Amino acid sequence: MNSNNSSVSKFEQVRAEQLEYNAKREKGYREQALKLFPWICGRCTREFDRKNLSELTVHHVDHDHSNNLSDGSNWELLCIYCHDEEHTKFENLVRYGSTKATEIKAASYNPFADLRAKMDEQK
Ligand SMILES: [Zn+2]
Ligand SMILES: [Zn+2]
């Protein structure tokens, strides 16, 4: 029982250190990204200021959080909603390949989606 308890607390300690390390790293690249880019969501183009800046997040384009290039080429500023969506899309892609839901969403970014729908109607 005792040894069990101590291994749990050791685990908790390692986990806390990892979380602290992640938090520090995140704060570092977040500040850099916010200096580099205008405070606008890259998807819905919502604008941010100091009051709601906490809702603007830094997304890693290649989904690798340790890949923090100083020129910012692996970062993208996204609002929490678009960021969520981006990760859901990515997870679906990894887990199931492409899904119907993501295909429909992807099509809405296509400027010719309307045109295609019209052509489909004419068939
Ligand atoms: Zn957004
Ligand atoms: Zn992300």
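Tabulated results
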quantity	calculated
Glu47-Phe11 pseudo-label distance in nm [points 7 Å out on the Cα-to-Cβ vector]	4.9
10 Å binning of all Cα-Cα separations within region 36-97, expressed as whole percents from 0 upward	23, 48, 26, 3
For region 78-99 and region 33-69, distance of Cα centres in Å	16
Enclosed volume per residue, in Å³, of the convex hull spanned by Cα atoms of region 19-68	90
For Thr57, residues with placed amide H under 5 Å, excluding near neighbours	Leu78, Cys79, Ile80
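Values in this text are rule-based calculations from the coordinates and carry no lab data. These figures come from a predicted structure and were not determined experimentally. As a convention, Cβ positions derive from the backbone with ideal geometry for all residues, glycine included, and neighbour counts pool all protein chains shown.
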